[in-house]
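Colleague: Take a look at this one; I'll ask things after.
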Amino acid sequence: MAVIRCDFFSDVLELGTSMTVLLPQSPSSQIGLAGHGGDAAPPVLYLLHGLSDDDTAWTRYTSIERYAAARGLAVVMPQVHRSFYTDEAHGGRFWTFLSEELPAVVSGFFRVSTQRADTFVAGLSMGGYGAFKWALRQPERFAAAASLSGALDVASIYRQPYTHEVAARVFGDHPVAGTDDDLLHLLSCADPARLPRLMLRCGTEDHLVEQNHRFVAACRERAVPLEAEFGPGAHEWSYWDAQIQAVLDWLPVGR
């Protein structure tokens, strides 16, 4: 795999930002790492970071490079700070950056597939929220979307002391419930036939587990297909390193 830290200017954010990108290759003499490149543009996974992380977190704390190399999968990890992948009430337009500018920048810089069948999104915690929001608001873009330990009920974060200030800065004073930033609302409006495949994983010791159960119940109520699994695990990287492998196994790559 080629690992690229890409610093570039965002017209939407009106500032310099960064992304970390993994691109497949097929080395003939590298020891201990299988690679799958080819002439065709590779499928691409947009992999989103959590609240306290940046675009380097997935490569520093998991073996995503090794896992993606074995599948010939490109991985794009953008930097969005503590934005909840949202056009902030008091800050930058991170939703517009993610959903409009970033794919265009990626296509301009790198040779990756732009076909829906080859495009996926996943994330952890805040990034799980971002992944599902992107998939629910733009279902025509993705074949599959996955959330690990996602913050899936953002209306409830106003009630948490450690996220209340972030919520006020990102979403402002208006209620989140019932808006396009509310995943449960998006589910209530969704056409299940148009949605990508959805996958959810959360640890039973995770402080966000109840939010994940609420999302599963909302999917069940709306007859939205969802592959959900809860098991031992907390809100930490050993759990996410294991579960991102399950996500990659589940993605329809090379099928």
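Colleague: Answer rounded, prolate or oblate for the range 2-250, using the Cα gyration tensor with square roots of eigenvalues a ≥ b ≥ c: rounded when a/c is under 1.5, else prolate when a/b is larger than b/c, else oblate.
Modeller: Taking the square roots of the gyration eigenvalues as a ≥ b ≥ c, the range 2-250 is prolate.
Colleague: Local charge sum around F142 (other residues, Cβ-Cβ under 12 Å, Lys/Arg +1, Asp/Glu -1)?
Modeller: So the environment of F142 carries a net charge of +4.
Colleague: Here's something else I'd like to know. Working from Cα positions, state the angle (0 to 90°, nearest 10) between the long axis of helix 237-250 and the longest principal axis of the chain.
Modeller: Tilt of helix 237-250: around 70 degrees.
Colleague: Separate question: Give me the net charge for the shell around P24: Cβ to Cβ below 11 angstrom, other residues only, Lys and Arg +1, Asp and Glu -1.
Modeller: Here the charged neighbours net out to +1.
Colleague: If you don't mind, there's one more thing I want to ask. List every residue whose amide H lies under 5 Å from the amide H of L48, counting only residues 5 or more places away in sequence or on a different chain, with H placed 1.01 Å from N in the peptide plane.
Modeller: The answer is A122, G123, L124.
Colleague: On to the next question. Could you pull out the GluC sites (Glu not before Pro) across the range 169-255 that fall in loop regions by DSSP (anything but H, G, I, E, B) with no more than 15 other Cβ atoms inside 10 Å?
Modeller: Within the range 169-255, the qualifying GluC sites (Glu not before Pro) (loop, at most 15 other Cβ atoms within 10 Å) are E205, E236.
Colleague: In terms of modelled amide H atoms, which long-range or inter-chain residues lie less than 5 Å from the amide H of L208?
Modeller: Residues meeting the criterion, in which the H sits 1.01 Å from N, do not exist here.
Colleague: Considering only the other residues whose Cβ falls under 12 Å of the Cβ of E88, what net charge follows from Lys and Arg at +1 and Asp and Glu at -1?
Modeller: +1
Colleague: Going by how many other beta carbons lie within 10 Å of each one, how would you line up R141, R169, R194, fewest first?
Modeller: Fewest to most other Cβ atoms nearby, the residues stand as R194, R169, R141.
Colleague: Okay, next question. Helix 161-171 against the longest principal axis of the chain: what's the angle in degrees, Cα atoms only, rounded to the nearest 10?
Modeller: Tilt relative to the chain: about 80 degrees.
Colleague: Something else about it: Counting only residues 5 or more places away or on other chains, whose amide H sits under 5 Å from the amide H of A2 once H atoms are built in the peptide plane?
Modeller: HN-HN under 5 Å from A2: L23, Q25.
Colleague: With each label point set 7 Å from Cα along the Cα-Cβ vector, what nm distance links Y61 and E227?
Modeller: Placing both labels 7 Å along Cα→Cβ, they lie 2.4 nm apart.
Colleague: Once phi is turned into θ = phi - 60°, what whole-Hz ³J(HN,Hα) does the Karplus curve with 6.51, -1.76 and 1.60 give for every residue of the range 141-152, x standing for Gly and Pro?
Modeller: 8, 10, 8, 7, 9, 9, 10, 10, 6, x, 7, 9
Colleague: With a 10 Å Cβ neighbour count serving as the proxy for reagent exposure, in which order, fewest first, do Y129, Y61, Y46, Y67 appear?
Modeller: The order, fewest Cβ neighbours first, is Y61, Y67, Y46, Y129.
Colleague: Tell me, what is the FRET efficiency for H213 and A242 to the nearest 0.05, using R0 = 30 angstrom and their Cβ-Cβ distance as r?
Modeller: Working: r = 20 Å, r/R0 = 0.68.
Efficiency computed from Cβ-Cβ geometry: 0.90.
Colleague: While we're looking at this one, here's another question. Could you go through the range 94-108 in sequence order and give the Karplus-derived ³J(HN,Hα) for each residue, using 6.51 cos²θ - 1.76 cosθ + 1.60 with θ = phi - 60°, rounded to whole Hz, and x for Gly and Pro?
Modeller: 6, 5, 5, 4, 5, 8, 10, 6, 4, x, 5, 5, 4, 5, x
Colleague: Oh, and also: Quick one: L102, L200, fewest Cβ neighbours within 10 Å first, how do they rank?
Modeller: The fewest-first ordering by Cβ neighbours comes to L102, L200.
Colleague: Which length gain, in nm to one decimal place, applies between Q138 and D173 when the Cα-Cα distance is subtracted from 0.36 nm times their residue separation?
Modeller: 10.0 nm
Colleague: Go ahead and estimate [θ] at 222 nm for the chain from helices alone: -39,500 (n - 2.57) per DSSP H run with n ≥ 4, summed, over the residue count, rounded to 500. Walk me through the numbers on the way to the answer.
Modeller: On the way: 8 runs with 77 residues, N = 255.
Mean residue ellipticity, 222 nm, calculated: -8500 deg cm²/dmol.
Values in this text are rule-based calculations from the coordinates and carry no lab data. Since the structure is predicted, the reported quantities are computational estimates derived from the model, not experimental observations. Here the Cβ is made from the backbone with ideal geometry for all residues, glycine too, and neighbour counts use every protein chain on show.
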